[in-house]
Every structure is written in structure tokens, then in C-alpha cells.
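Asker: Questions regarding the structure given below will be posed in turn.
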Amino acid sequence: MIAMAALQGFDSLMSGDTVVAQNIAFGILAVVMIVAALRMVTTGNVVHAALYLVIVLAGVAGIFILLGAEFVGVTQVLVYIGAIVVLFLFGIMLTRGALGEDEEADTEKRRMAVLVGVLVLVVTGGAVLDSFGDAAVNRAAPSLTAEIGDTIFSQYIVPFEAVSVLLLAALIGAIVVARKD
Amino acid sequence: MSEFLRSWLVLVVFGGLAVAVVGTFLGLGSLLRPQRATEQKVMNYESGVDPQGDRWSQSNIRYYVFALMFVLFDVEVVFIFPWAARLEAYGMFGLVEMAIFIFILALGLFYAWRKRLLRWI
Amino acid sequence: MFAQAETVATPEVLWWALVPLLVLAGAAVLLLTVASLVRRLPEWLPAAWTIVAGLAVLVSVVPLWNEVQDDGARSFLAGAVGIDGSTLFVTALLAVAVVATALLSRAYLTREDLPGVELYVLLLLSAAGGVVMASANDLIVLFLGLELLSIAVYVMAALHLRRIQSQEAALKYFVLGAFASAFLLYGIALVYGATGATGLARIAGYLSTTILLEDGMLMAGFGLLLVGLGFKVAAVPFHAWAPDVYQGAPTPVVAWMAAGVKAAGFAALLRVFVLTFGSWSGEWQPAVWGLAILTVLGGSVVAVVQTDVKRMLAYSSIAHAGFLLVGVQAASDRGTAAVLTYLGVYTLLACGSFAVVTVVGGAGDDRHGIDAYRGLGARRPWLAGAFAVLLLGQAGVPFTAGFVAKFGVIAAATEGHSYALAGIAMVSAAVAAFVYLRILVALYMEDRHLEDDDEAGAVEVDPAPWGPRIVITVSVALVLVLGVVPGPLVDLAKDAVPVLVGG
């Protein structure tokens, strides 16, 4: 009941040409992501850094959905948060190293990291602005997962099956390399 | 677009509600309960025995196979998702294709099991 | 909410055209299933199974070839996959390489006491990836085929579990290969961005009908695709992995890398550059020209100073990649036919040469120094003789198949007015001949203190098992026969010119 009431309240915000709710949601996501990203690179604990990364990536997923790219958003959650971060955590667990504060990682390389970060920001930001400028997202036609399914099951059926064979090869490879004898 | 976003808003609202409910009860509990900490009480819980050593322990490297298998099946889910979104439309063709897809991946899991890699080391 | 029709049109599938691919992938999956169900497989079974699968592919190619020659190339599965002469030609080469590698592997695994079902499964999967690459009509399909091919080969390189060099080789190959894949994928993304399509036929159509005002993105895409594929075929300056990987990986796997991976890589280069970007050949030809020069020269010159025969053959395979690039650079039907002929010949040469190296390598797979070959001519005249023929073939001496191959690409370059390139290629061939002569001299001239040195006893070569024996015999015979009567192969390669059919 409460949920429905809330929905109706939000609905007035979303109706018509106003995209106020969307902008508000974007603002919240952006602030959360920036804070989490800053904490991620400033925290001395690698596990905490990985968990902050989860927040950043979840924010990216939220922005994808706000832009109407449903499948990309879900894939972001499944693959990045589900798989990549779990691999990070596994990597931390499997290697020898202090779990707590690590002072060494914090000093020498900071300048270089800042440089690389700024460079990436300028290049990608410049490229995106140059290519798209103020082009608008087509708000009337969000990209639905079903459409992607249609493409996979008509045009891309060979790549689809090839992916399963590819993953099988990778799995056998991992097992062969991991075997003790 | 608003139709599309509204269907996602339901998810956000319900997710928020879940967080709110848990937060409320836990918060209320921490406000209302008496707090008299002793050294025994704040100690980490480790199956009822006194915790030993550092909180850090290195896992056996061979468990990385589990991580890898998880990633593979995670990717599999990504492909199942669009199929499930329009299950009926793909009919028998889709079913057969998806069955082949899952069979090939499950074969990898079967192989790992027969190679005795899924055991606790 | 979903406005689409209730059923989705299922794509047209030409099942008969998929037979080679289905045989390879199906054989791999079945073999893995059987190996999982039965704890102790008879030792001969996986190898025999793989050989049968390879031969089945070879047999299945024949009716497909006739079909394609009669009815022309076809494209199906919504334009994702095509079948044409070059597809079938490369598929046949891959099948030959699979059979040869399986024959070598059986003896190798027994000698090294290694468990081996996985090698055959991965070999079959890798070959399936190669077939996907050769029949790809879409950049995404091409990329997936390449990844399937590569991932299987990375692991195959690591299969000698007790040799640390094998692990090192696999790791190097994996890391650099992953970079190469990233380059390739980025290139695909940029080409997609510039042309709005990933289907090769549609890209070709777009490029031949549209004048791009700003072609920067397309050029960057060409460049990145060339870098990615250049890594895979080990073209200088993207060759750094090849010598270490060839040296460290199990020798039968090296035979597959040299023969199979190279064939698939060049099939992709031909499809993407010569065929799809053909109307823009003026733009990418200079890059391939430079790559070809660096590769023929680099491979030949550095090979001279090697002391390890496996490394020598690695650099010589780089030089061969350079000659193949000379054919690609011509960007003509003649060049394509020359490249395919060269691939056919090189498949034989590589399989045969690495079969000899497998035998001489001995238990432990580490006797690859040129010392191990000294005086082999006196002790093992047949083996040494076979190796001599294969080396002369690699050098491109007349009356061996190698001459036909080299002549083909250089003629194609001359026809395309790339005289400088043709000249440099000929000089490099002469330099490379020196490398092969060094091994020949070791084989026959330096019968060095065989009697009075104890060390000499250690380089006694075990008799060759029947697997390598078959590979060596067949490859030597074919190299000689094709050297005298090159017609059949050259004609096949001429008929195998790739065609793009829109989907």
C-alpha cells in the first residue's frame, strides 16, 4: 500500500515533459558514486576498497537504467558486481598480504595515479563530448532486454553458441592448469 | 520512457522499503537494548571457541577454480536473461539452442566434478 | 509493453555447410563427456578419436567444395557465417594440422608420461575456433572464433606440467594474447563506429559506396585490427612472444601453433583486409607493406644468431609470416591465391619440421640445442634426410614445395608493382637460407667427436614412434611431390578465392 502511494506520488513527477525525477535520481547516484569512488582510492584497506567499488559500479548500473539501457544495467550488476568484484575479493583472499591498513600502497605511486586518472578523464571526456555533444537520449524508446533477445536468437545465434564452447574451453583450461599432478 | 522507468521504480521502492524495515528494527533495537560491554562480549564470534590468530588467513590457491566457475556461470546467466524475457516467442528453436548452451557449460561443471576439483581441500 | 510479434523468425541454417564445424565441436564435447564418465580411458582412444574427427572433416570438405564451386559462395544464419572456397581450403588445412598434431601428441604424451585427454579436447576446440574464423562473415563472430582458438592454445602451451618453461610460455602467450584481443576488439568497435555495421558484407558495401569526410576513426580501427591480427600471426614488431612460446611449449603444440593458428590468422586477415576493406586498400596497404618488410627481415636476420633449433624455427616461422604478408599486401586475387598456397605448403613444412623436433627433443623435451643435431646424418640417415628436405623446403629451394609458395607471393607482389617489397623478400629468403644451411651443416658436416666424447652418447636419438614417423613421411613426400608438380595445390588455391555474400 505504501509502495503504491509512493508510486503515484512519483508518477506526477515523471509525467509530461518533465524529467525532474530522472534528474534527481541521477544527482543522487552521482553524489553517491563520487563519494564512494573517493573513499575507494583513499581507504587503506583493500577489502574496503573493493566494497566501495561495488557501490560505484552499482551507481553505473543505475545510470544505465536511467538512460533506458536495461540490459546493460543488469549485465553491469551481474558481471561487474557479481563476477569482477568477486574475483577481486578472491584474489585478495588467495594472496598473502595484510588485510588491514597498507601504508606502502599509499605514498609513492599516488602522483602517477593522479596523472593517469586525469589523463583518462580528459581523453574519455573529450572524446564523448566531441562525439555526442548535447545530443539527447531517445526517451521514447528505451532499449528492452527482449529486443536484445530477439537479436541474439535471430542474427547472433552462432556467436551465442560459440560463447558456450568458448566458456567450456576456458573452464577446461582453468582445471588443467590448476591440477596438482 | 516513463513507463519503462516506472517499472524500475517499483524495484527501487521495494528495495528501499526492505532496507528501511531492517534499518528501523535494528536501529530501534540498538536504542532500546541495555549496553553493558565486557571483553568477552565484544570478542569476535568464532563457533563458540576463543578466536585464534589474525583475522587474516590465506585461502588455498586451488579454490580459484571455484571463483572461475562462478564467473563462467555468471556470464551464462547474462545470456539466459534475454532468452527468459521473451521465452514464448523463441519457441522450440530457442529452447533447443538454450539447451545446447547450458549442456555445454554444464559439461564443464561435470568434468570438474569428475576430476575431483569440487572437494574441500 | 512488448510490441513485437509473438514469434521471432528463426534464421536460415544451412546445416550441410556447418558440418566441419559441428564435427570438430561435437567431437570435442563427446570426448570430454566420455572422459568424464569413464575414469580410465584406453590410452590410444583420445588420439584415435581426434584423428578420426580430423579425417572426417577432410572428407566432409570435399562435397562442400563441389557444392561451392558449382553454386557459388553462400551466406547464412542472418549473414553471420559464410561458406566459400577459402573457408573450405583453410578448414582442410586446419583438419590436416589437427591430424598431424594428434599423431605427434600421442607419442609425445606417452614419452613424457603426461595425462592427455585435455590436449585433444582443446585441440579440437581450437580447430573449431579456427573454422569459425575462416567462415566468419561478421566481426563479432570472427572475434569469438579467435578467442576460442587462442584460449585453447594458451592452455595447450601450459600442458607440460613439469617443465617450468612450458608454464612460462603459456603465461607470456596468455598475457600478450589478451592484449592482442583487446586491440582487436577495440578495432572492431571503431570500425563499427565508423561504418555502423559489424557484418563484413555490410561494411564492404558501406565502404565501397560512401565517401567519408572524416576517416580518422576508420583508420584507427584498421590500425588496431591490424595490430590485433598481427599479434596472432606473429608479425614483427608484434612477434616478441613467439620465440619464447615456441621454445617452451610442448613441441606437438608448437606444430599446431605454427600450422593451425597461423592458417586461421591469415584466413582472418584475408577476410577482413583484402576482402572487406578491399575498396580502401590504398589506405591499409602501406601499413601491411611496412609490417611485411619488418617481418621478413626481422625473422630471417634474428634467426641466424639463434643456437636453439626450436627458436630458430620460431624465427623462421616469423619470416614465413612475413612472406604471407607480402601476399596479403598485394590485395589482389592473385595475392590471395598465393597466400593460400603458401599456407598449404607451410602447414606441411611446419608439421613435418616440428615432428622431427619432437623426435630429437627426447624425453624431457629439452634437447633442442643445435648440438643435438650434430652428426645426425651419420647416425639416423632417414630422419636427418627428412629434416634436410623439410629445411630446404622452408628455405624455398627449387623442386620443393617451398619454392612454389615463395615464388607465388613474390610474383603477386611484383604484379602489384611492389618491387621494393619483392626485392627485400628475396634478400630475406637468401638470409633465411643461411639459417637452414647452418642446421644442415650440423646434420651432415660436423660429425664431431662422436666416438671419443661421452657427451655424444647423451645426444643419442630414440627411434621415432609411428605417429611422428607418419607425419614426417607424408609431409616430406608431399613437399617433394608438390615441388615437382605444384599444379593441383595452386589450382585449388586459385579456386579458393574468398567471396563475400551479403546477409
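The values are calculated or read from the model by the stated rules, or taken from the named source; none is laboratory data. The structure displayed is predicted, hence computed values, not measured ones. So basically every Cβ, Gly included, is an ideal-geometry build from the backbone, and we count neighbours across all protein chains shown.
Asker: Condition (residue is part of a loop (DSSP other than H, G, I, E, B), closer than 30 Å to A:I172 by Cβ and within 7 Å of chain A (Cβ to nearest Cβ)) applied to the range B:49-70: is it met by at least one residue?
Answerer: Yes: the range B:49-70 contains one or more residues that are part of a loop (DSSP other than H, G, I, E, B), closer than 30 Å to A:I172 by Cβ and within 7 Å of chain A (Cβ to nearest Cβ).
Asker: Being out of contact with any helix residue (DSSP H, G or I) (no Cβ under 6 Å at 6 or more places or on another chain), buried (at least 23 other Cβ atoms within 10 Å of the Cβ), modelled with pLDDT of 90 or more and within 30 Å of C:T307 (Cβ to Cβ): is that true of C:K232 here? Outline the logic, then answer.
Answerer: Working: out of contact with any helix residue (DSSP H, G or I) (no Cβ under 6 Å at 6 or more places or on another chain): no; buried (at least 23 other Cβ atoms within 10 Å of the Cβ): yes; modelled with pLDDT of 90 or more: yes; within 30 Å of C:T307 (Cβ to Cβ): yes.
Criteria not met by C:K232.
Asker: For the range A:101-109, check the following and say yes or no: at least one residue is modelled with pLDDT of 85 or more and farther than 30 Å from C:L24 by Cβ.
Answerer: So far as the range A:101-109 goes, no, none of its residues is modelled with pLDDT of 85 or more and farther than 30 Å from C:L24 by Cβ.
Asker: Determine the pairs where a residue that is closer than 22 Å to A:A37 by Cα, located within the range A:114-136, has a partner that is among the β-branched types (V, I, T) and outside any helix (DSSP H, G or I) with Cβ atoms under 8 Å apart, the partner being 6 or more residues away or on another chain.
Answerer: none
Asker: Condition first: out of contact with any Ser or Thr (no Cβ under 9 Å at 6 or more places or on another chain) and more than 13 Å from chain A (Cβ to nearest Cβ). Can you find one or more residues in the range B:107-121 that meet it?
Answerer: yes
Asker: Considering only the range B:77-92, state which residues are facing chain A (nearest Cβ under 7 Å) and in a helix (DSSP H, G or I).
Answerer: As a first pass, look at the range B:77-92 and keep what is facing chain A (nearest Cβ under 7 Å): B:77-79, B:81-83, B:85-86, B:90.
Matches in the range B:77-92: B:V77, B:V78, B:F79, B:F81, B:P82, B:W83, B:A85, B:Y90.
Asker: Please go through the range C:361-375 and pick out each residue that is under 19 Å from C:G385 (Cβ atoms) and in contact with a Phe, Trp or Tyr (Cβ under 9 Å, 6 or more places away or on another chain).
Answerer: Restricting attention to the range C:361-375, the residues satisfying the condition of being under 19 Å from C:G385 (Cβ atoms) are C:361, C:370, C:372-375.
Across the range C:361-375, the qualifying residues are C:G361, C:Y373, C:G375.
Asker: Determine, yes or no, whether C:E43 is modelled with pLDDT under 90, at negative phi and within 13 Å of another protein chain (Cβ to nearest Cβ). Step through it out loud before you land on a result.
Answerer: On the way: modelled with pLDDT under 90: yes; at negative phi: yes; within 13 Å of another protein chain (Cβ to nearest Cβ): no.
Spelling it out, it is not the case that C:E43 is modelled with pLDDT under 90, at negative phi and within 13 Å of another protein chain (Cβ to nearest Cβ).
Asker: All but one of (1) within 23 Å of the chain's Cα centre (by Cα); (2) more than 9 Å from chain A (Cβ to nearest Cβ); (3) closer than 30 Å to A:I28 by Cα hold for B:G29; which doesn't?
Answerer: (1)
Asker: Considering only the range A:25-39, I want to know if a residue exists there that is modelled with pLDDT under 85, part of a helix (DSSP H, G or I) and surrounded by fewer than 16 Cβ atoms within 10 Å (Cβ to Cβ).
Answerer: no
Asker: Something else about it: The conditions are (1) surrounded by fewer than 24 Cβ atoms within 10 Å (Cβ to Cβ); (2) at pLDDT 90 or above, and C:A372 fails exactly one of them. Which is it?
Answerer: Condition not satisfied by C:A372: (2).
Asker: While we're on this one: Collect the residues in the range C:127-143 that are part of a helix (DSSP H, G or I) and among the hydrophobic types (A, V, I, L, M, F, W, C), keeping them in residue-number order. Give the steps one after another, and end with the answer.
Answerer: Initially, the range C:127-143 is screened for residues part of a helix (DSSP H, G or I), giving C:127-135, C:139-143.
Correct list: C:A127, C:A128, C:V131, C:V132, C:M133, C:A134, C:L139, C:I140, C:V141, C:L142, C:F143.
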